[in-house]
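**Student:** Okay, here's the structure, questions in a sec.
The values are calculated or read from the model by the stated rules, or taken from the named source; none is laboratory data. Please read all numbers here as calculations on a predicted model, not as lab measurements. A quick note on method: Cβ atoms are made from the backbone with ideal geometry, for glycine too, and the neighbour counts reach across all protein chains shown. The area values use the complete protein model at the heavy-atom level, side chains included, leaving out ligands, DNA and RNA. Shrake-Rupley method; radii C 1.70, N 1.55, O 1.52, S 1.80 Å.
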Number of protein chains: 2
Amino acid sequence: MTQLDLTDETTGPPPKLGRKRDHTRDPEILQAALDVLAEEGYEGMTIDMVAARAKAGKATLYRRWASKGELIIDAVACMKKSDLDFSQLPDTGTLRGDLVGMIRPHSIEDGERKLKVMAGLSSMLARTPELAEAANAAIVEPRAAANRFLIHRAIDRGEVAPDVDIETISLISPSMTAYRVLVLHKPVDREYLISLIDGVLLPALGITP
Amino acid sequence: MTQLDLTDETTGPPPKLGRKRDHTRDPEILQAALDVLAEEGYEGMTIDMVAARAKAGKATLYRRWASKGELIIDAVACMKKSDLDFSQLPDTGTLRGDLVGMIRPHSIEDGERKLKVMAGLSSMLARTPELAEAANAAIVEPRAAANRFLIHRAIDRGEVAPDVDIETISLISPSMTAYRVLVLHKPVDREYLISLIDGVLLPALGITP
DNA sequence: TATATCCGAAACTCACAAGTACCGCATATA
DNA sequence: TATATGCGGTACTTGTGAGTTTCGGATATA
């Protein structure tokens, strides 16, 4: 113990010799983890599957993540990046136009994938708060947030009464699509989403199309 | 091969000697399986846990079910028994009265338990159609069926327009409570259920309270 | 009472997956 | 160029859980 732990700061960079870690591979590995997670679930996923799909060695994965659990948390957290920011949400002048404008092939596909990951995780969520937090931030919250934003704008326009239960109503479409995919195993297509908008969401907001 | 397989019929009762199997224990074992399932999930549940909780030997379980998978399917199917039949649904004269009348401590507790089991199963549902079918019949369908029944009666009374999307609207409350419990991990209490009825369900049916 | 089966309990086999160690090669610093 | 590290790949160790077997004791038929 001569001069240990006295490095400059933030887990100081001890040496700088030898080959550097290729961090461009991190996203590929996390993507592979998400693929396996969506197909096999938390327990069904093995590190070997992830390594094989990422064409990486198992040791490489363990050099970067301490355990399977940490890898999964990182993988789930990295889904958040595919989120759309509010500035590029549709702005058609009517709430219905905005909601319908959000239905695009990519967003449907993306949503379905996220739900499959969520299904694979769900038995763990109750026992792993860290994972539950990551899943909520990456999968759940973004969808509700977009709906909240659009409804608030509709209230500002005077299109919707200001006393509606925004929280609950923003969760209608995430909840019902999740249920439809995970429990009912029925497809979520444009037709279904529009029937949700016209048959449930807008009426609940007092708009009768 | 002298006279095998020539028993009278329906997998004939071969002998009738020795101690008989005590089938009164079956429900206890299935209950234990559901308890563990709700707490640990499909993969987290072990046969030893179930046997221990049921105070039974592991061999006893394997004498009655060929595998863990079959035990779980049977356990899920046996949840269906706690269902209420239509004849004892509330009949208050208004849809809102009927829906509110369905909110009882027991039904909330029962629903929460079923959802926890569902959460434990969800990673398997996509890969095990037999399980998905059992889960749907035991957990999902009964709740939707009750709602459908009440809405149909409201239509017959003229309280609700006959052209509403009964299928979708009957799934609002099951979907959103499931989402709230499984994904949001928030409690489902009387207040929340009433806000769902008054803020979403009735408006979607064209009733403005 | 003799026999066959069930019971709970515990020991066992077997397969599989997390995590580790090592190989030969690639790539970086000094 | 010498050294130290990361790389993909493979073999290994270890723990755990499904399913099987065995045991002494209980309970049924004949």
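**Student:** Here are some conditions: (1) open to solvent by 20 Å² or more (accessible area, probe 1.4 Å); (2) away from every other protein chain (no Cβ under 14 Å). A:P142 meets all but one. Which one does it not meet?
**Tutor:** Just one mismatch for A:P142, condition (2).
**Student:** If you check B:L171, B:L131, which single one turns out to be surrounded by 16 or more Cβ atoms within 10 Å (Cβ to Cβ) and more than 9 Å from chain A (Cβ to nearest Cβ)?
**Tutor:** B:L131
**Student:** Between B:L193, B:L150, which is closer than 29 Å to A:R127 by Cβ and buried (at least 18 other Cβ atoms within 10 Å of the Cβ)?
**Tutor:** It is B:L193.
**Student:** Determine, yes or no, whether B:G206 is under 30 Å from A:A161 (Cα atoms), touching a helix residue (DSSP H, G or I) at 6+ places or on another chain (Cβ under 9 Å) and at the interface with chain A (Cβ under 9 Å from one of its Cβ atoms).
**Tutor:** yes
**Student:** Residues B:R53, B:R19: which one is more than 7 Å from DNA strand C (Cβ to nearest atom), more than 14 Å from chain A (Cβ to nearest Cβ) and either within 26 Å of B:V181 (Cα to Cα) or open to solvent by 90 Å² or more (accessible area, probe 1.4 Å) (or both)?
**Tutor:** From the options B:R53, B:R19, the qualifying one is B:R53.
**Student:** Additional query: Looking at B:S67, B:S87 in this structure, which one is open to solvent by 20 Å² or more (accessible area, probe 1.4 Å) and closer than 30 Å to B:E159 by Cβ?
**Tutor:** B:S87
**Student:** Considering only residues of segment A:174-203 that are more than 10 Å from chain B (Cβ to nearest Cβ) and of a type in the set (A, V, I, L, M, F, W, C), which is nearest to A:M118 (Cα to Cα)?
**Tutor:** Filtering first and then ranking leaves A:V188.
**Student:** For segment A:25-43, name all the residues that are away from chain B (no Cβ under 14 Å) and more than 9 Å from DNA strand D (Cβ to nearest atom).
**Tutor:** Those that are away from chain B (no Cβ under 14 Å) and more than 9 Å from DNA strand D (Cβ to nearest atom): A:P27, A:L30, A:Q31, A:A32, A:A33, A:L34, A:D35.
**Student:** Which ones in segment B:90-128 are open to solvent by less than 30 Å² (accessible area, probe 1.4 Å), of a type outside the set (V, I, T) and within 11 Å of another protein chain (Cβ to nearest Cβ)?
**Tutor:** B:L115, B:M118, B:A119, B:G120, B:L121, B:S122, B:S123, B:M124, B:L125
**Student:** Please return the ranges of helices (runs of 4 or more DSSP H) entirely within segment B:29-125 where 3 or more residues are closer than 25 Å to A:G44 by Cβ and touching a residue at least 24 places away in the same chain (Cβ under 8 Å).
**Tutor:** The helices (runs of 4 or more DSSP H) meeting that bar are B:68-78, B:105-125.
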